[in-house]
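Have a look at the structure below, then the notes.
The values are calculated or read from the model by the stated rules, or taken from the named source; none is laboratory data. The structure presented is a predicted model; accordingly, all values stated were derived computationally and were not measured. Neighbour counts run over all protein chains shown; Cβ positions are idealised from the backbone, glycine included. Just so you know, the surface numbers come from the protein's heavy atoms only, side chains and all, with ligands and any DNA or RNA stripped out. Shrake-Rupley method; radii C 1.70, N 1.55, O 1.52, S 1.80 Å.
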Amino acid sequence: MSKLGTLGARLHRGEIGYDFVGKRKIWYGISILITITAILGLTVRGLNMGIEFQGGAVFTTGKTSVSVAQAETYAQNSSGHDAVVQKLGNGGLRIQVAGIDTDKSDKIKDDLAKDLNVNTESINADLVGPSWGDQIANKAWEGLAIFMVLVVIYLAIAFEWRMAVAALVALIHDITITVGIYALVGFEVTPGTVIGLLTILGYSLYDTVVVFDSLKEQTKDITKQTRYTYSEIADRSINGTLVRSINTTVVALLPVAGLLFIGGGVLGAGMLNDISLSLFVGLAAGAYSSIFIATPLVADLKEREPQMKALRKRVLAKRAQAAAKGEPLETEITDVMLDDEPEDDAPMVVGPRNQPASRNRGRGRPSGKRR
């Protein structure tokens with residue numbers, strides 16, 4: 001077995017682990033700082049909305065020897081607005097001028113034909129009205145709102161309302177960071193960006209639900225034992241699914257990174273940046289929020305319940321009593337429930353019930369007994 005596989009197995013069995021929930025204030029602080037930075041970026045710089053949202057014209061030329069920089073200068077001088085120029089595979093140019101009236105497009109087309117030394121007929125002009133962009137924006141907001149409502153309803157039914165609230169907070173966290181990054185780097189916001197933004201919500205929710213499902217399974221009948229608090233079980237759920245979350249995130253990020261850094265950066269296919277940046281940032285933020293935000297927040301909400309407060313008192317009291325007697329404290333969550341222990345002291349069930357114990361767990365001990 002590989003080292004990563006061995007690490008994942010040990011994390012799942014509870015032999016090792018990291019105290020994610022115990023250090024939740026650190027993660028909350030980091031997330032708040034990142035979110036404030038993103039909001040400041042939106043406030044100060046704003047979003048660079050594409051032509052689909054502002055309205056304008058897109059001119060496509062045939063093969064020409066004029067450089068991208070020269071074409072941008074020609075388009076800006078003719079239109080009086082900033083222009084975005086991209087080199088096409090056939091040697092032509094795609095010149096995008098946002099915020100102009102459609103009645104100016106003919107004049108700009110003639111000026112470009114003269115400056116680029118090409119025939120007017122070889123330049124295709126596509127006009128986009130601002131009302132079409134407003135429709136796209138409204139549909140995007142409607143889709144986002146419907147998605148959020150359905151997510152909350154589903155999680156509240158499949159799990160509980162606290163998990164639904166935590167997942168919603170994580171999703172808003174991911175969206176805010178992604179949009180803020182767009183504002184800070186100045187990438188153009190196009191319909192592709194909206195598609196990418198809606199896509200990352202599914203990835204973010206997937207990682208969160210995986211941890212929640214493990215947490216739900218492990219906290220069945222949690223009040224019938226006095227070994228572990230809810231936060232400790234939540235930590236076990238995060239550690240048990242940590243390697244899986246890392247693997248799925250890395251596998252998803254690799255092709256997106258290829259689109260962003262190779263396709264958009266090296267090859268100069270700028271249109272790929274619209275969707276690849278939102279996917280890259282959103283996937284990374286989604287993996288982070290599912291581990292460091294969603295589950296610790298659920299633990300915070302659950303620990304406020306009277307039953308969980310009473311459980312914590314019983315657990316701490318029992319540990320203090322054991323420490324006073326000099327007895328060893330068992331904080332490891334085992335994979336199976338032992339039949340020879342009283343129900344109150346039985347560890348939580350992590351895997352399927354009646355699962356055989358690990359081969360290494362009983363070496364050197366009497367069968368079925370603990371030291």
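Some observations on this one:
- Residue check for residue 96: of a type in the set (S, T, N, Q), crowded, with 17+ Cβ neighbours inside 10 Å and within 19 Å of residue 273 (Cβ to Cβ): yes
- When residue 160 is tested against (1) over 23 Å from residue 278 (Cβ atoms); (2) touching a helix residue (DSSP H, G or I) at 6+ places or on another chain (Cβ under 6 Å); (3) open to solvent by less than 50 Å² (accessible area, probe 1.4 Å); (4) free of Cβ contacts under 8 Å to residues at least 60 places away in the same chain, exactly one condition is not met: (2).
- Looking at 115, 111, 126, just one residue is surrounded by 12 or more Cβ atoms within 10 Å (Cβ to Cβ) and closer than 21 Å to residue 190 by Cβ, and that residue is 126.
- Taken over segment 272-321, the residue count meeting the criterion of being among the hydrophobic types (A, V, I, L, M, F, W, C), in contact with a Gly (Cβ under 9 Å, 6 or more places away or on another chain) and either within 20 Å of residue 20 (Cβ to Cβ) or open to solvent by less than 20 Å² (accessible area, probe 1.4 Å) (or both) is 1.
- Residue 235 vs. criteria surrounded by 17 or more Cβ atoms within 10 Å (Cβ to Cβ) and on the phi < 0 side of the Ramachandran plot: yes
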